[in-house]
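Everything on this sheet refers to the single structure shown next.
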There are 4 protein chains.
Amino acid sequence: MDLSEAALQIVAASHAIEARGWAPATSGNYSVRLDETRIAITASGCSKATLSPEDVVEVDMLGRALGEGRPSAETLLHVTAYGLDASIGAIVHTHSVANTVLGRLLEGERYVELSGYELLKAVPGVTTHSTRIVLPIFENTQNLSALAAALRAAWISLDWGDAGPSGYLIRGHGLYTWGADLASALNALEAFEFLLTCEIEIRRSRV
Amino acid sequence: MDLSEAALQIVAASHAIEARGWAPATSGNYSVRLDETRIAITASGCSKATLSPEDVVEVDMLGRALGEGRPSAETLLHVTAYGLDASIGAIVHTHSVANTVLGRLLEGERYVELSGYELLKAVPGVTTHSTRIVLPIFENTQNLSALAAALRAAWISLDWGDAGPSGYLIRGHGLYTWGADLASALNALEAFEFLLTCEIEIRRSRV
Amino acid sequence: MDLSEAALQIVAASHAIEARGWAPATSGNYSVRLDETRIAITASGCSKATLSPEDVVEVDMLGRALGEGRPSAETLLHVTAYGLDASIGAIVHTHSVANTVLGRLLEGERYVELSGYELLKAVPGVTTHSTRIVLPIFENTQNLSALAAALRAAWISLDWGDAGPSGYLIRGHGLYTWGADLASALNALEAFEFLLTCEIEIRRSRV
Amino acid sequence: MDLSEAALQIVAASHAIEARGWAPATSGNYSVRLDETRIAITASGCSKATLSPEDVVEVDMLGRALGEGRPSAETLLHVTAYGLDASIGAIVHTHSVANTVLGRLLEGERYVELSGYELLKAVPGVTTHSTRIVLPIFENTQNLSALAAALRAAWISLDWGDAGPSGYLIRGHGLYTWGADLASALNALEAFEFLLTCEIEIRRSRV
């Protein structure tokens with residue numbers, strides 16, 4: 001895929017995410033893998049409500065800008081995931097009330113486990129609700145190298161449940177998830193936002 | 001009704017349901033009875049946000065595809081209901097936060113009973129809020145034959161309250177409801193989603 | 001105002017209310033006073049999502065149809081309020097989750113009292129948050145003559161707080177409110193729906 | 001900036017805020033600094049849903065109208081903030097359920113403290129979630145001179161946390177926030193509304 005096609009896809013995805021309220025202020029960043037060596041990613045600090053194709057920039061697999069524009073401050077987390085799994089074609093990172101609140105409510109816990117929901121079948125490889133999907137919760141830090149190192153370590157050593165790594169939370173910050181292409185990543189995003197909302201509602205109502 | 005007319009109705013209904021957030025990811029499936037022997041139903045795994053008439057396929061009363069396209073994995077639950085009641089002309093199945101959460105909050109209970117709401121008059125045959133409508137909650141399973149059998153058994157033996165079968169929940173999965181045509185099925189859907197949301201709010205606030 | 005102008009206003013109001021989710025299924029009804037002897041009101045049982053000017057009919061001050069079309073089943077509650085206060089020019093009746101849930105949570109109580117909110121200034125005649133507005137809660141019944149009688153009795157004998165009658169709830173059913181014209185009635189509706197939502201949130205969080 | 005350009009910006013902002021439900025009925029008011037001596041501000045009592053450029057009026061730094069139209073009743077709070085900080089270029093005041101409810105839930109407390117959220121980086125000058133932002137909560141009064149005096153006193157003597165004054169609540173009334181221009185003010189608004197919603201959710205779920 002070339003940069004201009006990826007930029008159009010990212011702009012459309014951004015507007016869909018903005019409409020859901022999952023990228024308030026200038027938060028949220030989205031990327032698509034162009035080929036083995038290049039990623040298209042949203043630029044740093046741009047408003048997602050008015051995102052245009054010019055706000056999508058090209059980086060290499062270490063996250064260094066290949067052309068004009070400053071890539072998102074969180075580019076390192078995107079390229080780390082692309083490097084860990086060659087089947088990932090697109091990554092979305094959002095800040096919803098649900099993913100922010102759940103991370104903070106689970107203070108002290110290192111993951112959220114999802115099971116028993118039919119919608120878990122939206123996660124690639126999952127064919128039954130009788131499954132167990134684990135989203136790790138990393139502590140937030142402005143040191144992105146440390147976050148990337150935590151992600152690499154978890155990728156290898158964490159028990160991710162029945163379908164391997166499919167997403168993670170950063171506490172009080174947001175959700176990362178991905179797919180083979182941007183449509184699949186948005187599918188996973190919709191499913192996880194729905195399920196995290198269900199988890200909050202269920203925990204609250206059982207108090 | 002012919003397939004192309006039914007497909008247009010289903011696409012319009014799907015977009016309305018998508019806008020409410022009741023069919024996240026690729027979830028949700030919708031059908032219309034064409035005549036005594038044929039049903040139009042959404043295809044398997046298609047995104048409801050981008051549903052087009054080509055994503056609606058034709059099946060017989062046993063759920064077997066009559067033309068191109070693979071019908072929804074849950075086709076058996078649709079044809080079972082059409083077989084049980086000749087007055088059903090359209091069926092909708094949705095995954096909302098409300099219907100998912102309520103099924104899980106009521107773990108161990110086999111039905112949810114709705115009464116005292118004016119909006120129950122949206123259910124065909126109901127003319128007063130002083131009524132009792134029962135939605136059974138079936139345990140979720142990937143064995144659709146077992147779910148269809150449970151539905152058939154409940155249809156006959158369950159106390160459905162004052163208006164006969166009007167819908168059911170699958171726990172942690174979603175809601176099925178229906179009507180004489182797609183507009184009536186959407187009416188019932190709006191009413192039940194509203195009432196299930198009220199039930200959660202009331203139970204939570206009374207904690 | 002003539003019927004066709006009133007019908008256009010009512011259709012626009014209906015679409016705005018529908019978009020908020022305050023008139024699920026075929027619920028909700030809206031009216032405008034045309035002159036001393038005639039009211040324009042939505043027809044019985046029509047879907048508010050697809051309301052058109054033909055769905056607005058004319059009735060006299062006793063609620064009897066003056067032309068074609070069957071007026072809303074709740075017409076009697078509209079004409080009763082118009083008869084009680086000559087300054088009322090438009091009435092809206094909605095079914096929101098908030099107004100339904102609050103009525104049921106307050107089971108056994110006969111009114112909800114609102115005070116201390118800046119938004120109370122949206123109620124005509126109110127110029128400070130330090131006020132007390134009372135919305136009576138009538139028990140629901142399908143006997144509209146009984147409801148109309150309860151409204152007439154309350155209008156005269158109830159302590160409505162600092163601004164006189166501005167709206168009421170029917171338990172588990174919905175909200176009635178009004179204004180000098182339809183824009184004012186919608187203003188009052190927005191204010192009361194907001195305030196009833198705040199009341200639920202505050203009561204729940206204080207549990 | 002001239003008045004007509006500011007009016008267009010304010011109308012666009014108003015429609016975006018209206019769509020979020022943060023300015024019910026005729027509530028909400030918005031302003032832009034035109035130069036050292038003039039402010040553009042929404043007129044008193046106009047509906048934000050139908051705001052047009054003619055509803056934006058010009059005032060001097062004491063809040064006195066410079067042309068036609070009656071400025072918002074809360075103009076004094078706008079000009080007071082502009083007078084206290086020359087870097088403020090735009091101010092927005094909204095009435096959301098979240099900001100209304102949080103002010104009332106915190107009855108007796110004089111501020112809300114936000115920390116640990118990544119989204120706090122939307123506040124100008126903040127570069128880490130490990131920060132502490134204080135929003136004072138002023139008691140509501142219809143005496144705007146008293147509110148303006150409270151704001152001036154707090155501006156100087158309050159501990160606003162790590163980034164200086166960025167917004168405040170009036171209890172049971174609403175939120176004021178600002179930025180170097182209207183886009184920045186809307187950014188801050190989105191961030192604070194999100195964070196206040198998170199605070200309510202977290203407090204409620206921890207009950």
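Couple of notes before you dig in:
- Candidates are the residues of segment C:155-207 that are in a strand (DSSP E or B) and of a type in the set (Val, Ile, Thr); the one that is farthest from C:Gly125 (Cα to Cα) is C:Ile170.
- Note on segment B:166-207: residues that are within 14 Å of chain A (Cβ to nearest Cβ) and in contact (Cβ under 8 Å) with a residue 40 or more places away in the chain total 14.
- Segment B:135-192, residues that are of a type in the set (Phe, Trp, Tyr) and closer than 25 Å to B:Pro24 by Cα: B:Phe138, B:Tyr168, B:Tyr176, B:Trp178, B:Phe192
- Screening the candidates C:Ala122, C:Ala81, C:Ala90, C:Ala148 for the property of being within 14 Å of chain D (Cβ to nearest Cβ), small (Gly, Ala, Ser) and surrounded by 19 or more Cβ atoms within 10 Å (Cβ to Cβ) yields one hit, C:Ala122.
- So B:Tyr168, is it buried (at least 18 other Cβ atoms within 10 Å of the Cβ) and touching a Pro at 6+ places or on another chain (Cβ under 6 Å): yes
- Of residues in segment A:125-145 being surrounded by 19 or more Cβ atoms within 10 Å (Cβ to Cβ) and in contact with a Gly (Cβ under 7 Å, 6 or more places away or on another chain), the one farthest from the other protein chains (Cβ to nearest Cβ): A:Val134
- Residues of segment A:1-55 classified as in a strand (DSSP E or B) and within 17 Å of the chain's Cα centre (by Cα), total: 10
- Flag set for D:Arg33, criterion: basic (Lys, Arg), under 28 Å from D:Ala191 (Cβ atoms) and surrounded by 21 or more Cβ atoms within 10 Å (Cβ to Cβ).
- Residue in segment A:4-23 that is touching a Cys at 6+ places or on another chain (Cβ under 8 Å) and under 26 Å from D:Leu182 (Cα atoms) present: no
- Condition check for B:Leu102: touching a Pro at 6+ places or on another chain (Cβ under 7 Å), surrounded by 15 or more Cβ atoms within 10 Å (Cβ to Cβ) and not in a strand (DSSP E or B): no
- Number of the exception - D:Ala146 against (1) under 15 Å from the mean Cα position of the chain (by Cα); (2) free of Cβ contacts under 8 Å to residues at least 40 places away in the same chain: (1)
- Selected residue (only one of D:Leu151, D:Leu102, D:Leu119, D:Leu169 is over 28 Å from C:Arg204 (Cα atoms) and touching a helix residue (DSSP H, G or I) at 6+ places or on another chain (Cβ under 9 Å)): D:Leu151
- Some residue of segment A:10-27 being of a type in the set (D, E, K, R), away from chain B (no Cβ under 14 Å) and closer than 30 Å to B:Gly172 by Cβ: yes
- Residue identified as out of contact with any Phe, Trp or Tyr (no Cβ under 8 Å at 6 or more places or on another chain), assigned to a strand (DSSP E or B) and touching a residue at least 24 places away in the same chain (Cβ under 8 Å) among A:Glu58, A:Glu109: A:Glu58
Coordinate-derived values only; no laboratory data. This is a predicted model, so every value here is computed, not measured. Cβ: placed from backbone, ideal geometry, glycine included. Neighbour counts: every protein chain shown.
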